[in-house]
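Reviewing the structure listed below.
The values are calculated or read from the model by the stated rules, or taken from the named source; none is laboratory data. These numbers were taken from a predicted model, which means no experiment stands behind them. Cβ sites come from the backbone with ideal geometry, for glycine too, and all protein chains shown count toward neighbours. Ligands, DNA and RNA are excluded from the accessible area calculation, which covers all protein heavy atoms including side chains. Shrake-Rupley method; radii C 1.70, N 1.55, O 1.52, S 1.80 Å.
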Amino acid sequence: MNVDVVWNKLLSNLKEELSSLSYDTWFEETKLYKLDNGEAVVIVPMPIHKKHLQDQYMDIITKNLNLITGNDYEVEFLLQEEIEEEKIKEEEKEKKIEKETSSEEYIHSNLNSRYTFENFVVGNSNKLAYASSLSIAENPGKTMYNPLFLYGDSGLGKTHLMHAIGNYIVENSDKKVLYITCDQFIDDYKSIMRKGSDGTNLSYLDFFKNKYRNIDVLIIDDIQNLETAAKTQNEFFNTFNSLHNDSKQIIISSDRSPDDFKKLEDRLRTRFCWGLTANIYPPDFELRKQILIKKLKGEGVIDAIPEEVIDYMASNIGPSVRELEGAINRLIYYAFMFLNNTKDKKITLDIAIEALPEYVNNGVGDNDKIHRIQRIVSEYFQISVDDIKSKKRSSNISFPRQVAMFLCRTCTEESFPKIGLEFGGKDHTTVMHSVEKIEKEIKVNPELAKTIDKLKEDIGSV
């Protein structure tokens, strides 16, 4: 099918449906580059066209394209320079595959040896994920945890655990392990499809099947990206079935639970739940502190960091392990700018505060609101803000603290872990319990309901 003829017909249809301004701005300089194996590649003149056409006109483009061709296509927008880059990448990939397929050993694990179980810091927020990962590493494909589905926010340790599983298996067996990102899987599959029309994709297809099915353990990261690749979902379904039927271990990670996938085929979503799903929660104050101590020991500077600095970082830096690592690097670099040798001189709290403003000021708007809520509640109940943030458990302090946590949750958009941070590093479950308790009390205690309304008024008027 001639791509120019197809695109001219589509543009003619759009010209009738859209205003002349919209058509001239977004479609006048577009061109259909390729129409092949369910994929339609459209060349656009500027980066802004890519986003705008994707967000605003994708439905009308796919509708007209499918009507004209009688087929379903996934549309991709690329700049001319990206097309050229793709051509170069394809040529390089061809050479690489030819080289690899001519060798006996062409499956590479892609594992990062730095990530092991030994240097993973375990706490309440990740102990289920850790224990199940270690169990699988010791008996891949032989436990009920197949697949293992790890999920949680970015930077909490999912990738670390996946590499740790792979490294353990490689070190203790002769099993073939492959770690891959979902984007790499999609890219490999698209390479086969691009070669399909001229009948030259046989070596690519053999390479693909050997790479993904002739292994003992498949570890695939960021599986949520499969939602945007509908045609690749079918191939992953076949790959999953092939491995699972042969009792090969599958480990998957995502930024959210399988139940939250809206654009994934039901047959895939249900398979992701066949084994064990383990959520990794943001680390609480104590775990963040342990992580910081371990990282600082690894950098050889733990003796130069007083405990009050570690407490400050654990209390004020976000829950992501990557943020904690970045803050450590920043602090060490900053200290070396002012101290000749951090191993001989202490990094004071003042230096830490001065070095890390960008790490502790994230979400400063809601932080300020949380601080206002703490002040207003403490004034109302005639206690100090320090009392509210302390570990004291007497009823005259614990109840106002629960009220303050409830108001922080209902009057800001902050998460339970973040609120816990602002209350002296309390665990997120403590915040959840406080919120639930006050919610129940309000329903049966009219006086408390009035108090909450009064406090909300004060908060809103500040």
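Restricted to segment 44-72, and to residues there that are among the β-branched types (V, I, T) and within 30 Å of the chain's Cα centre (by Cα), the residue that is farthest from E86 (Cα to Cα) is T62. When segment 195-210 is filtered for residues that are at pLDDT 80 or above and among the charged types (D, E, K, R), only K209 remains. Among residues of segment 265-276 being touching a residue at least 24 places away in the same chain (Cβ under 8 Å) and surrounded by fewer than 21 Cβ atoms within 10 Å (Cβ to Cβ), the one that is nearest to K346 (Cα to Cα) is L276. Please work out if E441 is open to solvent by less than 70 Å² (accessible area, probe 1.4 Å), modelled with pLDDT of 90 or more and acidic (D, E). Here the answer is yes, as E441 does meet what is asked.
The residue of segment 179-194 that is modelled with the highest pLDDT, among those that are of a type outside the set (D, E, K, R) and more than 20 Å from the chain's Cα centre (by Cα), is Y189.
Within segment 170-180, the residues that satisfy the criterion of being in contact (Cβ under 8 Å) with a residue 60 or more places away in the chain and either open to solvent by less than 20 Å² (accessible area, probe 1.4 Å) or among the polar types (S, T, N, Q) (or both) are V177, L178, I180. Counting only residues that are under 27 Å from H428 (Cα atoms) and open to solvent by 30 Å² or more (accessible area, probe 1.4 Å), which one in segment 298-320 is nearest to the chain's Cα centre (by Cα)? Of everything passing the filter in segment 298-320, P319 is nearest to the chain's Cα centre (by Cα).
Filtered by the rule that a residue be part of a loop (DSSP other than H, G, I, E, B) and over 12 Å from T277 (Cα atoms), segment 122-150 gives V122, G123, N124, S125, N126, N139, P140, G141, K142, T143. The numbered conditions (1) touching a residue at least 24 places away in the same chain (Cβ under 8 Å); (2) surrounded by fewer than 18 Cβ atoms within 10 Å (Cβ to Cβ); (3) among the charged types (D, E, K, R) are all true for D259 except (1). Among the numbered conditions (1) without any contact (Cβ under 8 Å) to a residue 60 or more places away in the chain; (2) of a type in the set (G, A, S); (3) within 26 Å of T181 (Cβ to Cβ), the only one that G300 does not meet is (3).
Kindly check whether there is at least one residue in segment 358-369 that is at pLDDT below 90, more than 17 Å from I305 (Cβ to Cβ), surrounded by 14 or more Cβ atoms within 10 Å (Cβ to Cβ) and among the aliphatic types (A, V, I, L, M). There is no residue in segment 358-369 that is at pLDDT below 90, more than 17 Å from I305 (Cβ to Cβ), surrounded by 14 or more Cβ atoms within 10 Å (Cβ to Cβ) and among the aliphatic types (A, V, I, L, M).
Among the residues of segment 211-218, is there at least one that is hydrophobic (A, V, I, L, M, F, W, C), surrounded by 15 or more Cβ atoms within 10 Å (Cβ to Cβ) and over 26 Å from L156 (Cα atoms)? Yes; the residues of segment 211-218 include at least one that is hydrophobic (A, V, I, L, M, F, W, C), surrounded by 15 or more Cβ atoms within 10 Å (Cβ to Cβ) and over 26 Å from L156 (Cα atoms). Is there a residue being in contact with a Pro (Cβ under 7 Å, 6 or more places away or on another chain), without any contact (Cβ under 8 Å) to a residue 40 or more places away in the chain and not hydroxyl-bearing (S, T, Y) anywhere in segment 423-439? Within segment 423-439 (the criterion being in contact with a Pro (Cβ under 7 Å, 6 or more places away or on another chain), without any contact (Cβ under 8 Å) to a residue 40 or more places away in the chain and not hydroxyl-bearing (S, T, Y)), the answer is no, since none of the residues qualifies.
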